[in-house]
Amino acid sequence: MTYAAPVILLAAEKESAQVTDWAARVGWVVGLGLFVALVYWLMREGWKWRGTLQGDLPALPSAPDDPGAAKLVLSGRYHGSTTAGQWLDRIVAHGLGTRSRVELTLTDAGLDVVRPGAADFFVPVAALREARLDKGIAGKVLTEGGLLVVTWAHGDKLIDSGFRSDHAAEHNEWVDTLNDMINKTETEGAR
């Protein structure tokens with residue numbers, strides 16, 4: 001009988017598990033949701049403010065009615081545009097900061113950039129300055145030479161636009177062809 005008494009005492013002392021305080025838990029979840037919403041709103045306002053600061057950028061040119069035969073065509077991704085030489089200074093005015101799929105077409109008239117779901121634009125051959133392979137542009141870093149960067153003039157600003165082909169082996173051909181076109185245009189303009 002001496003064994004039964006402690007068992008009964010232990011059973012009597014046991015309490016049920018603490019019930020979760022649902023009001024506190026819901027409060028924390030709502031507070032966290034409001035914090036995330038605030039951070040998102042601040043980021044959105046910063047993006048819009050950057051667009052306002054870049055409001056002096058002229059409207060993007062559109063493709064001519066008859067650009068000529070395509071020299072090269074590329075399908076891939078548009079990763080954004082930055083101020084030339086400053087790979088972290090993203091340009092968001094006129095939708096240039098919006099990432100999207102892209103269809104690039106190079107003709108004798110220039111570079112036609114068609115972006116489904118974003119604003120298309122055209123870079124006349126006279127505005128092209130340089131093409132090179134690079135490893136990054138604002139918001140996207142790849143392996144060395146994984147990004148086709150085209151430098152072009154728009155208004156009084158030089159812009160770097162970053163593209164990545166679905167077939168990275170095409171990048172070298174694009175760099176060579178674009179730079180040949182730029183050199184040819186500069187020599188003809190010097191005459």
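Is it fair to say GLY97 is buried (at least 17 other Cβ atoms within 10 Å of the Cβ), assigned to a loop (DSSP other than H, G, I, E, B) and in contact (Cβ under 8 Å) with a residue 12 or more places away in the chain?
Numbers: buried (at least 17 other Cβ atoms within 10 Å of the Cβ): yes; assigned to a loop (DSSP other than H, G, I, E, B): yes; in contact (Cβ under 8 Å) with a residue 12 or more places away in the chain: yes.
Spelling it out, GLY97 is indeed buried (at least 17 other Cβ atoms within 10 Å of the Cβ), assigned to a loop (DSSP other than H, G, I, E, B) and in contact (Cβ under 8 Å) with a residue 12 or more places away in the chain.
Those residues that are assigned to a loop (DSSP other than H, G, I, E, B), surrounded by fewer than 16 Cβ atoms within 10 Å (Cβ to Cβ) and either in contact with an Asp or Glu (Cβ under 8 Å, 6 or more places away or on another chain) or of a type outside the set (Gly, Ala, Ser) (or both), I need them from region 101-119; list them, please.
Start the filter on region 101-119 by keeping residues that are assigned to a loop (DSSP other than H, G, I, E, B), which leaves 107-109, 115-119.
Checking the rest, the ones that are also surrounded by fewer than 16 Cβ atoms within 10 Å (Cβ to Cβ) come to 108, 116-117, 119.
Listed by number, the residues that qualify are ASP108, PRO116.
Please work out if ALA169 is more than 17 Å from SER81 (Cα to Cα), aliphatic (A, V, I, L, M) and without any contact (Cβ under 8 Å) to a residue 12 or more places away in the chain. Please lay out each step first, then the result.
Values: more than 17 Å from SER81 (Cα to Cα): yes; aliphatic (A, V, I, L, M): yes; without any contact (Cβ under 8 Å) to a residue 12 or more places away in the chain: yes.
When the stated conditions are applied, ALA169 passes them.
Report yes if GLY139 is open to solvent by 10 Å² or more (accessible area, probe 1.4 Å), touching a strand residue (DSSP E or B) at 6+ places or on another chain (Cβ under 9 Å) and at positive phi, otherwise no.
Numbers: open to solvent by 10 Å² or more (accessible area, probe 1.4 Å): yes; touching a strand residue (DSSP E or B) at 6+ places or on another chain (Cβ under 9 Å): yes; at positive phi: yes.
When the stated conditions are applied, GLY139 passes them.
Got a number for residues in region 54-80 being surrounded by 14 or more Cβ atoms within 10 Å (Cβ to Cβ) and hydrophobic (A, V, I, L, M, F, W, C)?
5
Taking into account only those residues within region 161-175 that are open to solvent by 10 Å² or more (accessible area, probe 1.4 Å) and outside any helix (DSSP H, G or I), which is farthest from GLY76 (Cα to Cα)? Walk me through how you get there before you give the answer.
Residues of region 161-175 open to solvent by 10 Å² or more (accessible area, probe 1.4 Å): 164, 166-170, 172-173, 175.
Add one more test, that the residue is outside any helix (DSSP H, G or I), and what stays is 164, 166-167.
On the way: ARG164: 6, ASP166: 5, HIS167: 8 Å.
Only one residue tops the list, namely HIS167.
Taking the condition of a type outside the set (Lys, Arg), open to solvent by 40 Å² or more (accessible area, probe 1.4 Å) and either out of contact with any strand residue (DSSP E or B) (no Cβ under 8 Å at 6 or more places or on another chain) or over 23 Å from LEU158 (Cβ atoms) (or both), does LEU34 pass? I'd like the intermediate steps shown before the answer.
Values: of a type outside the set (Lys, Arg): yes; open to solvent by 40 Å² or more (accessible area, probe 1.4 Å): yes; either out of contact with any strand residue (DSSP E or B) (no Cβ under 8 Å at 6 or more places or on another chain) or over 23 Å from LEU158 (Cβ atoms) (or both): yes.
Yes.
The values are calculated or read from the model by the stated rules, or taken from the named source; none is laboratory data. All values derive from a computational prediction rather than experimental measurement. Cβ coordinates were reconstructed from backbone atoms using ideal geometry, including for glycine residues, and neighbour counts include every protein chain displayed. All accessible areas refer to the heavy atoms of the entire protein, side chains included, with ligands and DNA or RNA removed. Shrake-Rupley method; radii C 1.70, N 1.55, O 1.52, S 1.80 Å.
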